[in-house]
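Data first, discussion second: the structure below is written as structure tokens.
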Amino acid sequence: MLDELKDCLWKNFAASIDMLSNAIEFCSDEQWNSNKKFFYISYHCAVFLDYYLTIPPYKFSSPLPYTLTEAENIPPDAVDDVVPDKHYSKKDLIDYIQYSREKLRKLIKGLTEENINSKWLVNSNDLNLDLASSSSMELSILGILFYNLRHTQHHAAQLNLLLRQSIDSAPDYVSAAIDDL
């Protein structure tokens, strides 16, 4: 049963990540540089994809640096208080997302009956990344994987909507990862 769960989780989560990458790749360079909302959503999703895959989460460090910004200083169109230190290139974001995709693969491959229910826990004292919704978060490893999958899919859908609104086109739906776990 665990092998079936791992395979199903991989096929669906990796497909979400592929949809995110496809949306960013589909975005023209002109739109990437001018549509700040598209950039901020892409960056936010990439950072949190990696963060939610980090066990324990207090060891998280993004290769694309950000600054935690006070609410009154958050730029227009930014998603939250995690503000990128610069406008990273599409390649930077896609490479970061692919890094997280491989991190996901290793995490899922390493799931066992013993560790799948262990806790992914964030305390406000441990944070180097703020959680807007609460000062703490506790889920099982399986729970954070599903949470992360839904978060990634949500933002990939937002990016596709922005593409449709601006150029009336978007990449195709990805039903499952094409590669195996």
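List the pairs from Lys36/Lys106; Lys36/Lys103; Lys86/Lys109; Lys59/Lys103 whose alpha-carbon separation is above 26 Å, in the order I gave them.
Pairs exceeding 26 Å: Lys36/Lys106; Lys36/Lys103; Lys86/Lys109.
Listed highest first by mean packing, meaning other Cβ atoms within 10 Å per residue, what order do 151-161, 2-12 come in? Don't skip to the answer; put the middle values down first.
Numbers: 151-161: 18.9, 2-12: 14.2.
Ranked by mean Cβ neighbours within 10 Å, highest first: 151-161, 2-12.
Kirkwood hydrodynamic radius, computed over distinct alpha-carbon pairs, for the stretch 53-116: how many Å, to one decimal?
With all distinct Cα pairs of the stretch 53-116 included, I get 14.1 Å.
Give the whole-number value, in cubic angstrom per residue, of the convex hull volume spanned by the C-alpha atoms of the stretch 1-51.
Numbers: hull volume 3.3 nm³, N = 51.
Value for the stretch 1-51: 64 Å³ per residue.
Assigning unit charges at the beta carbon (Lys, Arg +1; Asp, Glu -1) and nothing else, what dipole magnitude in debye, to the nearest 20, does the chain show about its Cα centre? Please report the intermediate quantities before stating the final value.
Working: 16 positive and 26 negative charges, 28 e Å.
Roughly 140 debye for the chain.
Pairwise over distinct Cα atoms, reciprocal of the mean inverse distance: report the Kirkwood radius of the stretch 1-130 in Å, one decimal place.
Its Kirkwood hydrodynamic radius stands at 16.1 Å.
What number, rounded to the nearest 500 deg cm²/dmol, is the helix-based mean residue ellipticity at 222 nm of the chain, given -39500 (n - 2.57) per DSSP H run of at least four residues and division by all its residues?
-18000 deg cm²/dmol
Going down the list Lys11/Lys91; Lys6/Lys119; Lys6/Lys37; Lys37/Lys91, which pairs span over 29 Å between their C-alpha atoms?
Over 29 Å Cα-Cα: Lys6/Lys37.
In terms of modelled amide H atoms, which long-range or inter-chain residues lie less than 5 Å from the amide H of Tyr66?
Amide H neighbours of Tyr66: Asp85.
All of the numbers you see were taken from the coordinates with simple rules; none came from a lab. The structure presented is a predicted model; accordingly, all values stated were derived computationally and were not measured. Note that we place each Cβ from the backbone using ideal geometry, even for glycine, and neighbour counts take in every protein chain shown.
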